[in-house]
Structure formats: C-alpha cells, structure tokens
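Sending over a structure as structure tokens; questions will come in a sec.
The values are calculated or read from the model by the stated rules, or taken from the named source; none is laboratory data. Small disclaimer: the values here were computed from a predicted structure and weren't measured. Glycine gets a Cβ as well: all are built from the backbone with ideal geometry, and neighbour counts include every protein chain shown.
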Amino acid sequence: MITSTGIPPHDYKRAAELYWEAFGTKLGKVMQPEVRALAFIEAVMDGDHAICAHDAAGNLLGVAGFKTYEGALVHGAFVDLVRAYGVIGACWRALFLTLLERDTENRRFLMDGIFVAPEARGKGVGSTLLRAIKTEAKRRGYQEVRLDVIDTNARARALYERMGFVQTDTQSIGLLRFVYGFRAASTMVATV
C-alpha cells in the first residue's frame, strides 16, 4: 500500500463515490438525489486536502481528508450548490450544511473525514491513513489531531480509539437528528 498527499485528478470520480458511500447515509436527505450529490462532490473536491492510499496497481483504496484555513477536502461555495441544485435547492441545502460545519483552529490539525473502499476494509487501510494524517499534522507543526465521529459509527470510533484518539467532548444535534440520522458527534483528539 502506498500513501501520498493529494488525490490525483483521475481518482476524483472514484473518491467522490467512496465519499458518498461513507457519508451518504448522513447527508442523503440534504444532498439527494445521488446523481447530483456525486456531481457536486466531485466538482468541489480539493485533492490537496487529502491523503490517499493506493494499491500496487494504482487503485484508490481510501482517503483521509483534512481541513485548513485554505480549504477542505469537500468544500463548495453557494454558487457550486446553485450549479448542482438550482437557486431554491441551494438555499435550503446551504442552511442545513452550515449547521454541520466544523471550525478550524490553530491548536489542532483537523481531520475532515476518512473513507475506505469496501474491498479494502479490514486490511489496515484506515490505520495507515490515520498514521499518515498524524505525520502530516506533525510536518505542519501541530502536536494534536482532532476529528469528530457520529454516535452511529461504532466501527470508526473503535478504529480511532485503537489509534490513540481520546474523546474530549460530545455534542447533541437535537432535532437535526431527524435530518441527519444521528443524535450526537464526539470530538476525539490524538497527540502526534
């Protein structure tokens, strides 16, 4: 397995599909229909805010995104939403997406999503990507990595705990649970 910073342009479509597979359950009610969601994600994906894992044949196995003040793995502007969903569709989607937004801070490097191809799960890809994220954080001068995990994703939480992440906070999302399908998100932090 080979890790590298950045998503090669020829992998954007596959990365968008894997992103949707990982987060579509959570984002589905807001970002549907799937065909438009995939087009939007691929259009706004910033491969410079990611670390990828590929197999020896060059197949994309997984991606760990991160967020900085310069951007994020998937971060479109209102005009991008308008292109994908029209003005009315963009307005209400922008409102709901803003409610999920996570702040960037100076103290900790913010991991902004991790996803692994179904055929590569359970083979160490997630662990490799998390180690690479920690290395990237250290390279950028950070002493800690921060991430958020939703209460319905026990598998991811177990991986994060195995990789040294510790829960520092939990936030309920209240009535938004009916939109997103989860009740709370926990902040987890690991030292690098």
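Restricting to segment 12-27, count the residues that are in contact with a helix residue (DSSP H, G or I) (Cβ under 8 Å, 6 or more places away or on another chain) and either within 21 Å of A57 (Cβ to Cβ) or in contact (Cβ under 8 Å) with a residue 40 or more places away in the chain (or both).
9
Every residue, every condition in (1) at pLDDT 95 or above; (2) surrounded by 12 or more Cβ atoms within 10 Å (Cβ to Cβ), yes or no:
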position	(1), (2)
I150	no, yes
N153	no, yes
G164	yes, yes
F178	no, no
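Looking at (1) more than 14 Å from A117 (Cβ to Cβ); (2) part of a helix (DSSP H, G or I); (3) at pLDDT 95 or above; (4) of a type in the set (A, V, I, L, M), find the lone condition where L18 falls short.
All conditions are met except number (1).
Return the residues of segment 25-58 that are in a helix (DSSP H, G or I) and under 11 Å from the mean Cα position of the chain (by Cα); say none if nothing qualifies.
Within segment 25-58, just H49 meets the criteria.
Quick test for you: out of V145, V82, pick the one residue that is more than 19 Å from T25 (Cβ to Cβ), assigned to a strand (DSSP E or B), modelled with pLDDT of 95 or more and in contact with a helix residue (DSSP H, G or I) (Cβ under 8 Å, 6 or more places away or on another chain).
Just one listed residue meets the conditions, V145.
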